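Written out below as structure tokens is the structure these notes cover.
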């Protein structure tokens, strides 16, 4: 019997954030490879968010 994976609200937030980040980064791209990099950045957008939050909290 296969285990079912619960999809909670956090998955929806991540998914919407991914779409928004992908649109933002790809819209800023000036070349194909910059668009590819933008897509990869969109996959890890929470890491950027946490990094900037910690930087803000540290006051730097």
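Each Cα pair under 8 Å and six or more residues apart adds its sequence gap; the mean of these over the residue count of the chain is a relative contact order of 27 percent. Compute the FRET efficiency between residue 26 and residue 57 as 1/(1 + (r/R0)^6), taking r as their Cβ-Cβ distance and R0 = 25 Å, and round to the nearest 0.05. Given R0 = 25 Å and the Cβ-Cβ separation, E is 0.25.
Axis angle, to the nearest 10 degrees, between helix 32-43 and the longest C-alpha principal axis of the chain: 50 degrees. Going 7 Å from the Cα of residue 13 toward and past its Cβ, which residues in region 39-60 have a backbone nitrogen under 17 Å from where you end up? Flagged as within label range: 44-54. Expressed as a fraction of 2.2 N^0.38 Å, the C-alpha radius of gyration for the chain is 1.45. Springs between alpha-carbon atoms under 10 Å, Gaussian network over the chain: tell me which of 18, 48, 39 tops the mean-square fluctuations. For the chain, modelled as a Gaussian network with Cα springs under 10 Å, the answer is 48.
Compared with the dominant principal axis of the Cα atoms in the chain, helix 45-58 is inclined by about 60°. When the helices of the chain are scored as -39500 (n - 2.57) per DSSP H run of n ≥ 4 and the total is divided over every residue, the value at 222 nm lands at -25000 deg cm²/dmol.
We did not get these values from a lab; they are worked out from the coordinates using the rules stated. This one's a predicted model, so the numbers in the text were calculated from it and none came from an experiment. Cβ sites come from the backbone with ideal geometry, for glycine too, and all protein chains shown count toward neighbours.
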